[in-house]
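Presented below is the structure to which this report refers.
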């Protein structure tokens, strides 16, 4: 129970109109006992300071506890009326009156309520009458348009103490609830938002005066004057912040703080002004001092949390906002703030919890809905995420941030149709919304329409010229289509942008490498495409740092830089790449587009990319043409070898009277005569790596910003073991492309542990797991979290890949190679990095090189024997299986830094063509061929999985033999780039 002393002090403060001090006492009383009357009293005190948002909050809380308390209806209606929300005020009073006539316990307040109602109804009737008279000679206003009276425009001794946020650039209608956003972003929006923060003007404990019963009337007047003067100065300071006059606000707060350096409200006000000026460290210092002076200052905890969030100090920000919630347990504003910080901190589960709670309390908070949609999408709740995003737009069709998040959601799922529709809608709202042009440019880039992307990115950059994301993306588009001067200019622009985040730092690092690669490609434009050789020409150290996205300083000091663009211009090697259509080119491009579209994965996250289709189709045709030529050479060589062997046999018989059975020649000595050596098909002059390198070169040129390089051509990265990283789960985020493979991968990890009875920790040491009880827990594990709890630390297990090239220790068994590593790493307390990582050390490379060599030789022998030239699918069964076996080892090998999946399937298409087989259909929905291979312990498992859908799609076709030669039709690097870009004109 509250002490009598506190109640007496409260009465004196109200008598002296020291409303801020009275609020402090009421805060203390409410922390002891949640009294309805005290809530109403505090609401009344807030109303005297015109802090109407706090008034409404306290009245709502009071009415939740007792819906019959008339005082709350009266005070809340007055607050709404003062805000200009006359209709809402009338509704509140009518609701209160309806309750009062049923149970009239306070006749005086009932009469007061009836007077308010009568006055409000009369005013509304008068207003309607005036509008009716004016409508005959004036334009009728748009339906739903409402006037808004801004509480922060009142400046007098009881001026509003509100701070306006700047996170949204649209105005709030009078029937919308206030929203809280992170305000520490440092820049005023073009249109000031009506969302507000309020500082409660309360003196600190150190300034309290002990008022005795014997104080003189004159002294009382002096105290009242001093209190009003303080409130006035604080309100003036807050008003300056609201108007964006931060220096003036700081000057006012400085004056107050000179009188008392620990005055909490002045510290909060000055800290907020600093925050808007991006002086976040100074802001945090002020908020900290306010907390030290008054640990119960919930506003200071909240503001410091916001400032820390803006600095990226997410852990500390969440701690502060959590503390602020102790003072306002049901505050939708703080839940909103903390939810956004949790989302940015990648604690998506916590973000969903906070933002869901916020939207239940504040059903009109569009910002909470859009961030809730982002968090739900991150954890894989896509249907609910879309519904929530749409809700934010329904609340406000002009909500640009909500539109941007919805578009990004559709982009992540690769739903281009819905993304384009949303982009059209948002540009109708604001045609100068630069983010929309970037997102549309990103979408066109993902679809392979680079020239169209450039147009949109340029429109966005005309609005925001220093947008680093748009500059980098446009530079990469120019780079891809061969406009190198513009590409270099944009990459330089990225390097010149002032940094404010780690993401932008990474883009600047990449811009350095991409500029060098653009200069390299420019120097090769007029040379034969076969001489375009990133793996052989570019320094291994450069490629290593490029793949790792490391700072280029070390590279600059040790690597020979590419010749400047002017050198290529002087040599006449560089000119605008124009596609000149010819009959041969047209035939090839039509065929390539048809063949290439077969690479498409029909899974969420994979956009249909026409440029990549064309790349894959041309590469497949070139592979078919070169492999077919090699096989013809092999057949011819084998015929000659048989004649030579017959002659040799006669000679040996004449020299060795023991007969043929006494020949001393070994199989290893004579194998070369069949055209197959240890390193591949030597007579045909085409190894397995030569075949795949055709597709690699096309993949490198089609999207030059992807570091597609052979791992064994890297420097230290290869020697220490390059680990390609393909995540299924990142913290709490489900990776949209790969999470569908989660359960299979988890089951595979459990199976490996059950078989081997161990796992490896992060230091590659063995973790023994042979105890029956622990193994049972592993069997029962339902998630990677459960599996981690069983193991007790970060760990990995390796999948197996049954060898064809090597025999096992036991006769008639196959040796098992290491496939990929399934890794589980705990990410703080936010979740797990659950991924596959494929280390590629020199020893592993040698093993898989041998597997690929044997697989290639097996395929060559299978086709160049009796099956050669056959147009009967049943005669080509061994050939088809051989192609799939080589594909299986390629995917498990994973020898590229990037692009292994598309290169693998492109080669498969090309090899089938070379055997007169056409793949006539698409990969089934939900199937990812590379994952099928990675999660198959033996090639037969992979064959069984793929044959079920692939073989019914195969058709005999020899039409490819009539295609013009790819290498001579597109003989230069420039002609290849022009061909890849010609579909987008």
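Values for this structure:
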| read-out | value |
| --- | --- |
| Selected residue [in contact with a strand residue (DSSP E or B) (Cβ under 8 Å, 6 or more places away or on another chain) and either assigned to a loop (DSSP other than H, G, I, E, B) or modelled with pLDDT of 95 or more (or both)] from 810, 797 | 797 |
| Residues satisfying the stated conditions in the range 930-943, i.e. assigned to a helix (DSSP H, G or I), in contact with a helix residue (DSSP H, G or I) (Cβ under 8 Å, 6 or more places away or on another chain) and under 17 Å from residue 748 (Cα atoms) | 930, 931, 932, 933, 934, 939, 942 |
| Filter result for the condition that a residue is farther than 21 Å from residue 631 by Cβ and either part of a helix (DSSP H, G or I) or in the same structural domain as residue 607 (by TED's automatic domain parsing) (or both), over 891, 863, 868 | 891 |
| Search result, residues across the range 329-358 that are in contact with a strand residue (DSSP E or B) (Cβ under 7 Å, 6 or more places away or on another chain) and either buried (at least 24 other Cβ atoms within 10 Å of the Cβ) or under 18 Å from residue 389 (Cα atoms) (or both) | 348 |
| Qualifying residue in the range 613-625 (condition: modelled with pLDDT of 95 or more, assigned by TED's automatic domain parsing to the domain that holds residue 899, over 13 Å from residue 963 (Cβ atoms) and in contact with a strand residue (DSSP E or B) (Cβ under 8 Å, 6 or more places away or on another chain)) | no |
| Qualifying residue in the range 893-914 (condition: under 32 Å from the mean Cα position of the chain (by Cα), surrounded by fewer than 19 Cβ atoms within 10 Å (Cβ to Cβ) and either over 30 Å from residue 746 (Cα atoms) or in contact (Cβ under 8 Å) with a residue 40 or more places away in the chain (or both)) | yes |
| Helices (runs of 4 or more DSSP H) lying entirely in the range 505-584 (those with 3 or more residues that are surrounded by 13 or more Cβ atoms within 10 Å (Cβ to Cβ) and modelled with pLDDT of 85 or more) | 540-548 |
| Sole residue being surrounded by fewer than 23 Cβ atoms within 10 Å (Cβ to Cβ), out of contact with any strand residue (DSSP E or B) (no Cβ under 7 Å at 6 or more places or on another chain) and at pLDDT below 95, chosen from 455, 361 | 361 |
| The range 7-46: number of residues that are free of Cβ contacts under 8 Å to residues at least 40 places away in the same chain, closer than 21 Å to residue 66 by Cβ and either outside the structural domain of residue 63 (by TED's automatic domain parsing) or in a helix (DSSP H, G or I) (or both) | 16 |
| Boolean, residue 66 is over 24 Å from residue 294 (Cα atoms) and out of contact with any strand residue (DSSP E or B) (no Cβ under 7 Å at 6 or more places or on another chain) | yes |
| Answer residue from the range 50-107, given it is over 44 Å from the mean Cα position of the chain (by Cα) and assigned to a loop (DSSP other than H, G, I, E, B) and is modelled with the lowest pLDDT among those | 104 |
| Residue within the range 756-764 that is crowded, with 16+ Cβ neighbours inside 10 Å and under 31 Å from the mean Cα position of the chain (by Cα) present | yes |
| Complete set of residues in the range 963-985 that are closer than 14 Å to residue 618 by Cα and assigned to a helix (DSSP H, G or I) | 966, 967, 968, 969, 973, 975, 976, 977, 978, 979, 980, 981 |
| Single unsatisfied condition, residue 725 versus (1) out of contact with any helix residue (DSSP H, G or I) (no Cβ under 7 Å at 6 or more places or on another chain); (2) without any contact (Cβ under 8 Å) to a residue 60 or more places away in the chain | (2) |
| In the range 948-962, the residues that are more than 19 Å from residue 585 (Cα to Cα) and assigned to a helix (DSSP H, G or I) | 948, 949, 950, 951, 952, 953 |
| Considering residues of the range 267-283 that are assigned to a helix (DSSP H, G or I) and without any contact (Cβ under 8 Å) to a residue 60 or more places away in the chain only, the residue surrounded by the fewest Cβ atoms within 10 Å (Cβ to Cβ) | 281 |
| Residue within the range 833-842 that is in a helix (DSSP H, G or I), surrounded by fewer than 20 Cβ atoms within 10 Å (Cβ to Cβ) and modelled with pLDDT under 90 present | yes |
| Residue match in the range 861-875 (condition: free of Cβ contacts under 8 Å to residues at least 60 places away in the same chain and buried (at least 24 other Cβ atoms within 10 Å of the Cβ)) | no |
| Residue check for residue 303: outside the structural domain of residue 24 (by TED's automatic domain parsing) and either touching a strand residue (DSSP E or B) at 6+ places or on another chain (Cβ under 7 Å) or in a helix (DSSP H, G or I) (or both) | yes |
| Check on residue 488, in a helix (DSSP H, G or I), in contact (Cβ under 8 Å) with a residue 24 or more places away in the chain and surrounded by fewer than 23 Cβ atoms within 10 Å (Cβ to Cβ) | yes |
| Hey, residue 925 within 30 Å of residue 585 (Cβ to Cβ) and outside any helix (DSSP H, G or I) or not | no |
| Which listed residue, of 419, 378, is surrounded by 21 or more Cβ atoms within 10 Å (Cβ to Cβ), under 23 Å from residue 740 (Cβ atoms), touching a helix residue (DSSP H, G or I) at 6+ places or on another chain (Cβ under 8 Å) and in contact (Cβ under 8 Å) with a residue 40 or more places away in the chain | 378 |
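The values are calculated or read from the model by the stated rules, or taken from the named source; none is laboratory data. No experiment lies behind these values; they were computed from the predicted model shown. Because the Cβ atoms are built from the backbone with ideal geometry, glycine has one as well, and the counts that use them run over all protein chains shown.
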